[in-house]
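The values are calculated or read from the model by the stated rules, or taken from the named source; none is laboratory data. Computed from a predicted model, the values in this text were never measured in an experiment. Virtual Cβ from ideal backbone geometry, glycine too; neighbours counted across all protein chains shown.
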Amino acid sequence: MLLSEAWERYQSDKRIEGYSLLTLKMYGFQCDLLKRYFGDIRMSDITTDNLKQYLGEAAEHLKPSSLGHRVRFIRSLFKWTHEQGFILKNPAAKLKEPKLGMRIPKFLTKHEIEHLREGCHTSMEKALFELFYSTGCRIGEVAKLK
């Protein structure tokens, strides 16, 4: 099975499982990068060493979190392909994600918060700001609220 065929079937399966459109879009981007690197080759022709070389080259210019996302996608795609019986051996089974350092949370000062509050002109803007500030919701999460 070619990489492009595996992606189409994988994507259909994951859509049925309820993966979000954004996740599938990002996985599609990762798959495009794989195809650009390997070409549209048979999945069974890709080895663990090939994947490690691909990830090693990517590690030179990616943050560990981005590299981790790439590893998770590759493991997921190859695990699914193996479980479906399209390949006999999963070359991505032993790939490990890079260790992530401790991230120090960023926060706003009292002055910055007051400045943002003063920038709200309508009651809707004020309500949205207070919702963001008091709950810690992300923009995407608030946008999906009804």
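Points to keep in mind about this one:
- Filter result for Lys99 (of a type in the set (Lys, Arg), in contact with a helix residue (DSSP H, G or I) (Cβ under 9 Å, 6 or more places away or on another chain) and modelled with pLDDT under 90): yes
- Which listed residue, of Lys99, Lys89, is of a type outside the set (Gly, Ala, Ser) and under 18 Å from Glu5 (Cα atoms): Lys89
- Residues satisfying the stated conditions in the range 35-53, i.e. part of a loop (DSSP other than H, G, I, E, B) and in contact (Cβ under 8 Å) with a residue 40 or more places away in the chain: Ile46, Thr47
- Scoring Glu114 on the criteria (1) in a helix (DSSP H, G or I); (2) within 27 Å of Met1 (Cα to Cα) leaves a single failure, condition (2).
- Per-region count, the range 74-131, residues in contact with a Cys (Cβ under 6 Å, 6 or more places away or on another chain) and surrounded by 14 or more Cβ atoms within 10 Å (Cβ to Cβ): 1
- Hits in the range 19-34 - residues which are within 18 Å of Thr81 (Cα to Cα) and either over 17 Å from the mean Cα position of the chain (by Cα) or not in a helix (DSSP H, G or I) (or both): Tyr19
- Contacts under 7 angstrom Cβ, first residue in the range 92-113 being within 16 Å of Lys52 (Cα to Cα), partner surrounded by 10 or more Cβ atoms within 10 Å (Cβ to Cβ) and among the β-branched types (Val, Ile, Thr), 6 or more apart: Ala92/Ile74; Lys94/Thr48; Leu95/Val71; Leu95/Ile74; Glu97/Val71
- For Val71, the criteria (1) more than 21 Å from Leu3 (Cβ to Cβ); (2) of a type in the set (Val, Ile, Thr); (3) in a helix (DSSP H, G or I) hold in every case but one, which is (1).
- A single member of Gly56, Gly101 is part of a loop (DSSP other than H, G, I, E, B), over 24 Å from Glu8 (Cα atoms) and either within 18 Å of the chain's Cα centre (by Cα) or not hydroxyl-bearing (Ser, Thr, Tyr) (or both), and it is Gly101.
- Boolean, Pro91 is at pLDDT below 90, part of a loop (DSSP other than H, G, I, E, B) and of a type outside the set (A, V, I, L, M): no
- Only a single criterion out of (1) loosely packed, with under 14 Cβ neighbours inside 10 Å; (2) not assigned by TED's automatic domain parsing to the domain that holds Met26 is not satisfied by Glu60, namely (2).
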